[in-house]
Amino acid sequence: MAMAALRREGRRFAPLISPHPMAAVRSSIIPAEEQVPLGVRSISTQIVRNRMKSVKNIQKITKAMKMVAASKLRAIQVKAENSRGLWQPFTALLGDSPSVSVKKDVIVTISSDKGLCGGINSTSVKISKAFRKLNAGPEKETKYVILGEKAKAQLIRDSKKDIELCITELQKNPLNYTQVSVIADDILKNVEFDALRIIFNKFQSVVSFLPTVSTVLSPEIVERESEAGGKLGDLDSYEIEGGETKSEILQNLAEFQFSCVMFNAVLENACSEQGARMSAMDSSSRNAGEMLDRLTLTYNRTRQASITTELIEIISGASALSG
Amino acid sequence: MASNAAAPFWRAAGMTYITYSNICANLVRNCLKEPYKTEAISRERVHFAVSKWAEGKPEKPNVICVSA
(Lines give C-alpha, C1' and ligand atoms only; values in the text may rest on other atoms or scores of the structure.)
Protein backbone atom coordinates (compact mmCIF):
# COMPACT_ATOMS: atom_id res chain seq x y z
CA MET A 1 0.00 0.00 0.00
CA ALA A 2 2.70 2.41 0.98
CA MET A 3 4.61 1.60 -2.14
CA ALA A 4 1.62 2.36 -4.31
CA ALA A 5 1.17 5.70 -2.62
CA LEU A 6 4.82 6.48 -3.09
CA ARG A 7 4.65 5.54 -6.72
CA ARG A 8 1.72 7.79 -7.27
CA GLU A 9 3.54 10.56 -5.48
CA GLY A 10 6.62 10.05 -7.59
CA ARG A 11 4.60 10.12 -10.75
CA ARG A 12 2.97 13.34 -9.75
CA PHE A 13 6.17 15.05 -8.79
CA ALA A 14 8.43 13.94 -11.57
CA PRO A 15 7.35 16.59 -14.11
CA LEU A 16 7.51 19.28 -11.44
CA ILE A 17 11.02 18.42 -10.38
CA SER A 18 12.29 17.88 -13.87
CA PRO A 19 14.64 20.73 -14.78
CA HIS A 20 13.43 20.98 -18.38
CA PRO A 21 9.71 20.42 -18.39
CA MET A 22 9.33 21.77 -21.92
CA ALA A 23 12.08 19.59 -23.29
CA ALA A 24 10.38 16.62 -21.74
CA VAL A 25 7.20 17.40 -23.63
CA ARG A 26 8.94 17.99 -26.87
CA SER A 27 10.95 14.82 -27.03
CA SER A 28 8.84 12.36 -25.19
CA ILE A 29 9.81 9.59 -27.57
CA ILE A 30 13.21 9.43 -25.93
CA PRO A 31 12.90 7.32 -22.81
CA ALA A 32 12.10 9.61 -19.94
CA GLU A 33 14.97 8.34 -17.76
CA GLU A 34 17.39 10.80 -19.29
CA GLN A 35 15.44 13.83 -18.22
CA VAL A 36 14.61 12.83 -14.67
CA PRO A 37 16.94 14.35 -12.10
CA LEU A 38 18.77 12.28 -9.54
CA GLY A 39 16.78 11.27 -6.52
CA VAL A 40 13.47 10.73 -8.25
CA ARG A 41 12.68 7.08 -7.83
CA SER A 42 10.05 6.22 -10.33
CA ILE A 43 9.58 7.45 -13.84
CA SER A 44 6.58 9.39 -15.06
CA THR A 45 4.76 7.67 -17.89
CA GLN A 46 2.17 10.40 -18.15
CA ILE A 47 3.83 12.10 -21.13
CA VAL A 48 4.16 8.94 -23.16
CA ARG A 49 0.56 8.08 -22.43
CA ASN A 50 -0.62 11.49 -23.61
CA ARG A 51 1.44 11.14 -26.73
CA MET A 52 -0.02 7.74 -27.45
CA LYS A 53 -3.50 9.13 -27.10
CA SER A 54 -2.83 11.96 -29.54
CA VAL A 55 -1.21 9.67 -32.10
CA LYS A 56 -4.22 7.39 -31.85
CA ASN A 57 -6.54 10.32 -32.51
CA ILE A 58 -4.51 11.47 -35.50
CA GLN A 59 -4.65 7.98 -36.90
CA LYS A 60 -8.42 7.97 -36.58
CA ILE A 61 -8.65 11.29 -38.42
CA THR A 62 -6.40 10.24 -41.29
CA LYS A 63 -8.30 6.98 -41.65
CA ALA A 64 -11.57 8.91 -41.91
CA MET A 65 -10.07 11.30 -44.45
CA LYS A 66 -8.95 8.37 -46.54
CA MET A 67 -12.47 6.97 -46.56
CA VAL A 68 -13.91 10.32 -47.59
CA ALA A 69 -11.36 10.71 -50.38
CA ALA A 70 -12.06 7.20 -51.63
CA SER A 71 -15.79 7.79 -51.91
CA LYS A 72 -15.31 11.18 -53.58
CA LEU A 73 -12.82 9.65 -55.98
CA ARG A 74 -15.27 7.05 -57.15
CA ALA A 75 -17.86 9.66 -58.09
CA ILE A 76 -15.43 11.97 -59.83
CA GLN A 77 -13.50 9.27 -61.66
CA VAL A 78 -16.55 8.33 -63.72
CA LYS A 79 -17.06 11.96 -64.65
CA ALA A 80 -13.42 12.45 -65.60
CA GLU A 81 -13.35 9.36 -67.77
CA ASN A 82 -16.53 10.40 -69.52
CA SER A 83 -15.19 13.90 -70.14
CA ARG A 84 -12.25 12.53 -72.10
CA GLY A 85 -14.60 12.11 -75.03
CA LEU A 86 -14.93 15.89 -75.19
CA TRP A 87 -11.38 16.84 -76.08
CA GLN A 88 -10.47 13.83 -78.19
CA PRO A 89 -12.33 14.99 -81.32
CA PHE A 90 -10.60 18.34 -81.05
CA THR A 91 -7.20 16.75 -80.86
CA ALA A 92 -8.12 14.62 -83.84
CA LEU A 93 -9.14 17.71 -85.78
CA LEU A 94 -6.69 20.36 -84.68
CA GLY A 95 -3.90 18.30 -83.17
CA ASP A 96 -2.06 19.21 -80.01
CA SER A 97 1.00 21.31 -80.65
CA PRO A 98 2.92 22.08 -77.47
CA SER A 99 5.96 23.07 -79.48
CA VAL A 100 4.33 26.03 -81.22
CA SER A 101 6.23 29.19 -80.42
CA VAL A 102 4.15 32.34 -80.03
CA LYS A 103 4.56 35.78 -78.54
CA LYS A 104 1.96 35.73 -75.81
CA ASP A 105 1.87 32.52 -73.88
CA VAL A 106 -0.66 32.11 -71.11
CA ILE A 107 -0.08 29.24 -68.74
CA VAL A 108 -3.20 27.97 -67.02
CA THR A 109 -2.05 26.14 -63.93
CA ILE A 110 -4.67 23.92 -62.38
CA SER A 111 -4.38 22.96 -58.75
CA SER A 112 -6.58 22.19 -55.78
CA ASP A 113 -7.94 24.46 -53.10
CA LYS A 114 -7.18 22.11 -50.26
CA GLY A 115 -3.91 20.58 -49.19
CA LEU A 116 -3.05 17.21 -47.68
CA CYS A 117 -2.93 15.57 -51.08
CA GLY A 118 0.69 14.70 -51.66
CA GLY A 119 2.71 16.39 -54.36
CA ILE A 120 0.20 17.00 -57.14
CA ASN A 121 0.04 20.77 -56.66
CA SER A 122 3.78 21.24 -56.57
CA THR A 123 4.08 19.03 -59.65
CA SER A 124 1.82 21.26 -61.70
CA VAL A 125 3.58 24.37 -60.40
CA LYS A 126 6.95 22.88 -61.23
CA ILE A 127 5.86 21.99 -64.75
CA SER A 128 4.44 25.49 -65.23
CA LYS A 129 7.70 27.10 -64.17
CA ALA A 130 9.73 24.77 -66.36
CA PHE A 131 7.45 25.49 -69.29
CA ARG A 132 7.87 29.21 -68.78
CA LYS A 133 11.63 28.89 -68.67
CA LEU A 134 11.61 26.72 -71.78
CA ASN A 135 9.59 29.23 -73.76
CA ALA A 136 11.27 32.34 -72.44
CA GLY A 137 12.95 34.61 -74.92
CA PRO A 138 13.11 38.19 -76.14
CA GLU A 139 9.80 39.74 -77.24
CA LYS A 140 7.98 36.97 -75.48
CA GLU A 141 5.53 37.31 -72.71
CA THR A 142 4.36 34.58 -70.42
CA LYS A 143 1.50 35.10 -68.02
CA TYR A 144 -0.11 32.85 -65.49
CA VAL A 145 -3.74 32.11 -64.92
CA ILE A 146 -4.12 30.15 -61.72
CA LEU A 147 -6.92 27.86 -60.70
CA GLY A 148 -6.88 26.86 -57.07
CA GLU A 149 -5.52 28.18 -53.82
CA LYS A 150 -2.44 25.98 -53.60
CA ALA A 151 -0.73 26.90 -56.85
CA LYS A 152 -1.37 30.55 -56.03
CA ALA A 153 0.47 30.22 -52.73
CA GLN A 154 3.46 28.70 -54.50
CA LEU A 155 3.60 30.97 -57.53
CA ILE A 156 3.14 34.15 -55.52
CA ARG A 157 6.63 33.73 -54.13
CA ASP A 158 8.72 34.26 -57.23
CA SER A 159 6.48 35.25 -60.11
CA LYS A 160 3.68 37.37 -58.75
CA LYS A 161 4.34 40.00 -61.42
CA ASP A 162 3.24 37.54 -64.08
CA ILE A 163 -0.02 36.47 -62.52
CA GLU A 164 -2.92 37.68 -64.55
CA LEU A 165 -5.95 35.98 -63.10
CA CYS A 166 -6.66 33.87 -60.07
CA ILE A 167 -9.69 31.62 -59.74
CA THR A 168 -10.53 29.80 -56.54
CA GLU A 169 -13.38 28.05 -54.73
CA LEU A 170 -14.17 25.83 -57.68
CA GLN A 171 -15.29 22.81 -55.78
CA LYS A 172 -18.02 24.26 -53.60
CA ASN A 173 -20.55 22.43 -55.75
CA PRO A 174 -19.80 19.30 -57.72
CA LEU A 175 -17.91 20.24 -60.88
CA ASN A 176 -20.02 20.66 -63.97
CA TYR A 177 -19.57 21.87 -67.50
CA THR A 178 -21.53 25.10 -67.08
CA GLN A 179 -19.26 26.25 -64.29
CA VAL A 180 -16.06 25.44 -66.13
CA SER A 181 -17.31 27.06 -69.30
CA VAL A 182 -18.12 30.26 -67.42
CA ILE A 183 -14.56 30.21 -66.08
CA ALA A 184 -13.19 29.60 -69.57
CA ASP A 185 -15.29 32.48 -70.81
CA ASP A 186 -13.85 34.73 -68.10
CA ILE A 187 -10.33 33.77 -69.05
CA LEU A 188 -10.99 34.39 -72.75
CA LYS A 189 -12.41 37.80 -72.06
CA ASN A 190 -9.83 39.01 -69.56
CA VAL A 191 -6.57 37.65 -70.87
CA GLU A 192 -4.86 38.33 -74.16
CA PHE A 193 -3.20 35.27 -75.56
CA ASP A 194 -1.74 33.64 -78.61
CA ALA A 195 -1.60 30.25 -77.02
CA LEU A 196 -3.05 28.85 -73.84
CA ARG A 197 -1.12 26.12 -72.12
CA ILE A 198 -3.25 24.20 -69.68
CA ILE A 199 -1.21 22.32 -67.14
CA PHE A 200 -2.84 19.70 -64.97
CA ASN A 201 -2.38 16.23 -63.52
CA LYS A 202 -3.94 13.60 -65.71
CA PHE A 203 -5.43 10.78 -63.72
CA GLN A 204 -4.00 7.39 -64.54
CA SER A 205 -4.61 5.34 -61.45
CA VAL A 206 -4.99 5.97 -57.74
CA VAL A 207 -1.25 6.15 -57.34
CA SER A 208 -0.02 7.63 -60.62
CA PHE A 209 -0.71 11.00 -62.22
CA LEU A 210 0.79 12.31 -65.40
CA PRO A 211 1.55 16.01 -65.45
CA THR A 212 0.08 17.07 -68.78
CA VAL A 213 0.19 20.14 -71.01
CA SER A 214 -2.60 20.79 -73.47
CA THR A 215 -2.30 23.64 -75.88
CA VAL A 216 -5.13 25.75 -77.21
CA LEU A 217 -4.14 28.17 -79.94
CA SER A 218 -5.87 31.40 -80.76
CA PRO A 219 -7.65 31.44 -84.14
CA GLU A 220 -5.02 33.68 -85.72
CA ILE A 221 -2.28 31.26 -84.78
CA VAL A 222 -4.32 28.30 -86.01
CA GLU A 223 -4.64 30.03 -89.36
CA ARG A 224 -0.94 30.80 -89.47
CA GLU A 225 -0.06 27.24 -88.58
CA SER A 226 -2.49 25.74 -91.09
CA GLU A 227 -0.76 27.66 -93.85
CA ALA A 228 2.51 26.15 -92.74
CA GLY A 229 1.05 22.69 -93.31
CA GLY A 230 1.25 19.71 -91.01
CA LYS A 231 -1.77 18.39 -89.20
CA LEU A 232 -3.48 21.77 -89.25
CA GLY A 233 -2.92 22.02 -93.00
CA ASP A 234 -5.56 19.35 -93.49
CA LEU A 235 -8.21 21.79 -92.31
CA ASP A 236 -8.76 22.98 -95.86
CA SER A 237 -10.00 19.57 -96.90
CA TYR A 238 -13.08 20.05 -94.71
CA GLU A 239 -16.17 21.51 -96.24
CA ILE A 240 -17.72 24.42 -94.40
CA GLU A 241 -21.48 24.55 -94.32
CA GLY A 242 -23.52 27.71 -93.99
CA GLY A 243 -22.48 31.24 -94.66
CA GLU A 244 -19.63 31.41 -92.22
CA THR A 245 -16.05 32.03 -93.16
CA LYS A 246 -13.16 29.89 -92.13
CA SER A 247 -11.88 32.37 -89.58
CA GLU A 248 -15.25 32.52 -87.87
CA ILE A 249 -15.42 28.78 -87.68
CA LEU A 250 -11.90 28.68 -86.31
CA GLN A 251 -12.69 31.21 -83.65
CA ASN A 252 -15.80 29.33 -82.52
CA LEU A 253 -13.85 26.11 -82.57
CA ALA A 254 -10.98 27.54 -80.57
CA GLU A 255 -13.31 28.90 -77.91
CA PHE A 256 -15.27 25.70 -77.63
CA GLN A 257 -12.06 23.68 -77.63
CA PHE A 258 -10.75 25.74 -74.75
CA SER A 259 -13.83 25.20 -72.62
CA CYS A 260 -13.86 21.47 -73.34
CA VAL A 261 -10.19 21.04 -72.63
CA MET A 262 -10.57 23.05 -69.44
CA PHE A 263 -13.50 20.92 -68.35
CA ASN A 264 -11.53 17.76 -68.81
CA ALA A 265 -8.43 19.25 -67.16
CA VAL A 266 -10.34 20.40 -64.08
CA LEU A 267 -11.99 17.03 -63.69
CA GLU A 268 -8.78 15.07 -64.19
CA ASN A 269 -7.02 17.26 -61.69
CA ALA A 270 -9.79 16.88 -59.12
CA CYS A 271 -9.65 13.15 -59.66
CA SER A 272 -5.89 13.09 -59.19
CA GLU A 273 -6.29 15.21 -56.08
CA GLN A 274 -8.61 12.70 -54.45
CA GLY A 275 -6.39 9.81 -55.49
CA ALA A 276 -3.31 11.50 -54.10
CA ARG A 277 -5.13 12.38 -50.90
CA MET A 278 -6.21 8.78 -50.55
CA SER A 279 -2.70 7.41 -50.81
CA ALA A 280 -1.25 10.20 -48.63
CA MET A 281 -3.78 9.50 -45.90
CA ASP A 282 -3.20 5.78 -46.22
CA SER A 283 0.52 6.14 -45.65
CA SER A 284 0.04 8.60 -42.81
CA SER A 285 -2.30 6.27 -40.95
CA ARG A 286 0.26 3.54 -41.45
CA ASN A 287 2.97 5.78 -40.06
CA ALA A 288 0.79 6.64 -37.09
CA GLY A 289 0.34 2.92 -36.46
CA GLU A 290 4.10 2.37 -36.51
CA MET A 291 4.63 5.28 -34.17
CA LEU A 292 1.99 3.92 -31.83
CA ASP A 293 3.75 0.56 -31.77
CA ARG A 294 7.05 2.19 -30.86
CA LEU A 295 5.46 4.31 -28.16
CA THR A 296 3.64 1.34 -26.68
CA LEU A 297 6.90 -0.56 -26.52
CA THR A 298 8.64 2.31 -24.74
CA TYR A 299 5.74 2.74 -22.39
CA ASN A 300 5.58 -0.93 -21.42
CA ARG A 301 9.32 -1.20 -21.00
CA THR A 302 9.41 1.79 -18.66
CA ARG A 303 6.48 0.48 -16.67
CA GLN A 304 8.12 -2.93 -16.38
CA ALA A 305 11.39 -1.37 -15.30
CA SER A 306 9.78 0.61 -12.50
CA ILE A 307 7.88 -2.47 -11.27
CA THR A 308 11.10 -4.48 -11.25
CA THR A 309 12.90 -1.77 -9.31
CA GLU A 310 10.17 -1.67 -6.71
CA LEU A 311 10.15 -5.45 -6.34
CA ILE A 312 13.91 -5.44 -5.79
CA GLU A 313 13.54 -2.73 -3.18
CA ILE A 314 10.83 -4.63 -1.31
CA ILE A 315 12.67 -7.91 -1.40
CA SER A 316 16.00 -6.45 -0.34
CA GLY A 317 14.31 -4.48 2.44
CA ALA A 318 12.54 -7.59 3.68
CA SER A 319 15.65 -9.67 3.57
CA ALA A 320 17.60 -6.96 5.42
CA LEU A 321 14.99 -7.07 8.20
CA SER A 322 14.89 -10.80 8.46
CA GLY A 323 18.60 -11.37 8.00
CA MET B 1 -11.57 39.54 -83.14
CA ALA B 2 -10.89 37.75 -86.33
CA SER B 3 -14.44 37.87 -87.58
CA ASN B 4 -15.60 40.79 -89.65
CA ALA B 5 -18.86 42.46 -90.65
CA ALA B 6 -20.56 39.19 -91.42
CA ALA B 7 -20.29 38.14 -87.78
CA PRO B 8 -23.29 36.37 -86.33
CA PHE B 9 -25.60 38.39 -84.15
CA TRP B 10 -24.41 36.93 -80.85
CA ARG B 11 -20.83 37.83 -81.54
CA ALA B 12 -21.89 41.33 -82.43
CA ALA B 13 -23.43 41.49 -78.95
CA GLY B 14 -20.04 40.73 -77.44
CA MET B 15 -20.63 37.11 -76.57
CA THR B 16 -18.17 34.33 -77.06
CA TYR B 17 -19.19 31.03 -78.51
CA ILE B 18 -19.15 29.57 -75.00
CA THR B 19 -21.71 32.03 -73.66
CA TYR B 20 -23.86 31.49 -76.71
CA SER B 21 -23.78 27.72 -76.41
CA ASN B 22 -24.50 27.97 -72.68
CA ILE B 23 -27.58 30.04 -73.32
CA CYS B 24 -28.72 27.53 -75.91
CA ALA B 25 -28.05 24.64 -73.53
CA ASN B 26 -30.05 26.36 -70.84
CA LEU B 27 -32.96 26.75 -73.22
CA VAL B 28 -32.84 23.06 -73.99
CA ARG B 29 -32.73 22.21 -70.30
CA ASN B 30 -35.82 24.33 -69.73
CA CYS B 31 -37.65 22.33 -72.35
CA LEU B 32 -37.30 19.10 -70.37
CA LYS B 33 -40.28 17.61 -68.58
CA GLU B 34 -40.48 17.31 -64.84
CA PRO B 35 -38.84 15.72 -62.86
CA TYR B 36 -35.87 15.73 -65.25
CA LYS B 37 -36.04 19.49 -65.55
CA THR B 38 -35.31 20.35 -61.92
CA GLU B 39 -32.67 17.64 -61.82
CA ALA B 40 -30.86 18.97 -64.87
CA ILE B 41 -31.07 22.55 -63.70
CA SER B 42 -29.92 21.86 -60.16
CA ARG B 43 -26.92 20.00 -61.56
CA GLU B 44 -25.56 23.08 -63.28
CA ARG B 45 -24.62 25.36 -60.42
CA VAL B 46 -21.87 27.89 -60.87
CA HIS B 47 -19.78 29.08 -57.98
CA PHE B 48 -16.24 30.41 -57.99
CA ALA B 49 -14.20 33.41 -56.94
CA VAL B 50 -12.13 35.26 -59.49
CA SER B 51 -9.60 38.01 -58.83
CA LYS B 52 -7.63 39.96 -61.38
CA TRP B 53 -4.00 40.74 -60.69
CA ALA B 54 -2.30 43.94 -61.61
CA GLU B 55 1.31 44.85 -60.85
CA GLY B 56 1.79 41.78 -58.72
CA LYS B 57 -1.09 42.58 -56.41
CA PRO B 58 -4.46 40.87 -56.30
CA GLU B 59 -7.52 43.00 -56.69
CA LYS B 60 -10.64 42.36 -54.71
CA PRO B 61 -11.95 38.88 -55.41
CA ASN B 62 -15.19 38.74 -57.24
CA VAL B 63 -17.42 35.84 -56.24
CA ILE B 64 -19.55 34.58 -59.08
CA CYS B 65 -22.46 32.50 -57.97
CA VAL B 66 -25.29 31.44 -60.24
CA SER B 67 -27.60 28.81 -58.85
CA ALA B 68 -29.85 28.18 -61.78
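The mean number of partner chain beta-carbon atoms within 10 angstrom of a residue's beta-carbon across peptide B:20-28 is 2.
Computed extension length for A:SER205-A:SER322: 34.7 nm, one decimal, from 0.36 nm per residue of separation with the Cα-Cα distance subtracted. Roughly how far apart, in whole Å, are the Cα centres of region A:46-110 and region A:152-201? Here the answer is 16 Å between Cα centres. The 1.4 Å probe gives accessible areas that order A:SER247, A:SER237, largest first, as A:SER237, A:SER247. Restricting the GluC sites (Glu not before Pro) of region A:195-290 to loop positions (DSSP other than H, G, I, E, B) with no more than 14 neighbouring Cβ atoms within 10 Å leaves A:GLU239, A:GLU241. Here region A:119-269 is treated as an ellipsoid with the same Cα gyration tensor; its semi-axes, largest first and in whole Å, are 28, 19, 16.
Alpha-carbon geometry of the protein assembly as shown: the Rg and the Dmax are 31.1, 118 Å, given in that order.
Relative to the compact-globule estimate of 2.2 N^0.38 Å, the Cα radius of gyration of chain B comes out at 1.54. In order along region A:272-286, the Karplus-derived 3J(HN,Hα) couplings, from 6.51 cos²θ - 1.76 cosθ + 1.60 at θ = phi - 60°, round to 4, 4, 5, x, 5, 5, 4, 6, 5, 5, 4, 5, 6, 6, 5 Hz, and Gly and Pro are given as x. A straight Cα-to-Cα reach below 17 Å connects A:LYS56 with the aspartates and glutamates A:ASP282, A:GLU290, A:ASP293, residues fewer than 8 places away in its own chain not being considered.
Each Lys and Arg contributes +1 and each Asp and Glu -1, all at the Cβ; summed about the Cα centre of chain A, the dipole is approximately 2740 debye. Positive end of the dipole of the protein assembly as shown (Cβ unit charges, origin at the Cα centre): among B:TYR20, A:GLN257, B:HIS47, the Cα lying farthest that way belongs to B:HIS47.
Annotation for A:SER122 and B:ASN62: the two label points, set 7 Å from Cα along the Cα-Cβ direction, are 3.5 nm apart.
The values are calculated or read from the model by the stated rules, or taken from the named source; none is laboratory data. Being a predicted model, the structure only gives us computed values, none of them experimental. Note: ideal-geometry Cβ built from the backbone for every residue, glycine included; neighbour counts use all protein chains shown. The area values use the complete protein model at the heavy-atom level, side chains included, leaving out ligands, DNA and RNA. Shrake-Rupley method; radii C 1.70, N 1.55, O 1.52, S 1.80 Å.
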